[in-house]
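For reference, the structure is listed below as structure tokens.
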Amino acid sequence: MMTHPIRIAPSILAANFSKLGQEVRDVVDAGADWIHLDVMDGHFVPNITFGPDVIKSLRPHTQATFDCHLMISPADAFLEAFAKAGCDIITVHAEAGPHLHRSLQTVRSLGKKAGVSLNPATPESAIEYILDTVDLILVMTVNPGFGGQKFITAMEEKIRRIKAMVGDRPIEIEVDGGIAPETADVVARAGANVLVAGSAIFKGDSVETYRRAIEAIRSPAEKARA
């Protein structure tokens, strides 16, 4: 079975928006592997965040992978804009439109890695027939829309099942929601390797506090995999 390294992907949704470029630089200096970009439209989820223009303005601040999570519906009309803005991975929700396979094909045709995300109530069977079209599966471990929510424990078994479905495919498994030092080992043991964390990382305001927060999540995750 393929094993990817543990990656920590801070969600800038929890960062200080008045100095977003600096926050991105600081969290990468602190050891972040990816930058997670939560795009919300106030329609698919009950919140509005930012769009391609903000991402484009952040792109010059770091070489780190931009991991773009589109919580928007419909998504297809905006895929090219997010690709041009500099996203490296573009993740669409299985629930966001009627033609998931087409959406994923479009992302790949734009030269980007394709991800699919599942809300907590969506069964893993929803992605059974698109596994050969994705590079990443994002398991929502809270209901999408807001940061700072509590981890839904039933998602541990779902991650395990998805890991079994993936088999030998080179697909990364990402988790988002309620990820903190006390849940990092649980999701890593279940099979996740990319851990998104927002409020658990952006609780201080310096590179050093971010470094400690990232390490506090990475360490139990890596131990759980050992």
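The values are calculated or read from the model by the stated rules, or taken from the named source; none is laboratory data. On a predicted model such as this, the values are computed, not experimentally measured, just so you know. A quick note on method: Cβ atoms are made from the backbone with ideal geometry, for glycine too, and the neighbour counts reach across all protein chains shown. Remember, those area values only see protein heavy atoms, side chains included, never the ligands or the DNA or RNA. Shrake-Rupley method; radii C 1.70, N 1.55, O 1.52, S 1.80 Å.
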Some residue of the range 27-39 being within 26 Å of Ala192 (Cα to Cα), free of Cβ contacts under 8 Å to residues at least 60 places away in the same chain and more than 12 Å from the chain's Cα centre (by Cα): yes
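What do you reckon, is Asn47 in contact with a strand residue (DSSP E or B) (Cβ under 8 Å, 6 or more places away or on another chain) and either surrounded by fewer than 19 Cβ atoms within 10 Å (Cβ to Cβ) or among the polar types (S, T, N, Q) (or both)?
In short, yes.
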Verdict on Thr91 being surrounded by 14 or more Cβ atoms within 10 Å (Cβ to Cβ), farther than 21 Å from Pro144 by Cβ and either under 18 Å from the mean Cα position of the chain (by Cα) or among the β-branched types (Val, Ile, Thr) (or both): no
Failed item, numbered, when Lys112 is tested on (1) open to solvent by less than 10 Å² (accessible area, probe 1.4 Å); (2) in contact with a strand residue (DSSP E or B) (Cβ under 6 Å, 6 or more places away or on another chain): (1)
Residue match in the range 142-153 (condition: buried (at least 19 other Cβ atoms within 10 Å of the Cβ) and of a type in the set (Ser, Thr, Tyr)): no
Pairs with Cβ under 8 Å, 6+ apart, first in the range 93-111 and under 18 Å from Val45 (Cα atoms), second open to solvent by 70 Å² or more (accessible area, probe 1.4 Å): Ala96/Pro74; Gly97/Pro74
Restricting the range 174-226 to residues that are modelled with pLDDT of 95 or more and among the acidic types (Asp, Glu), the residue that is most open to solvent (accessible area, probe 1.4 Å): Glu182
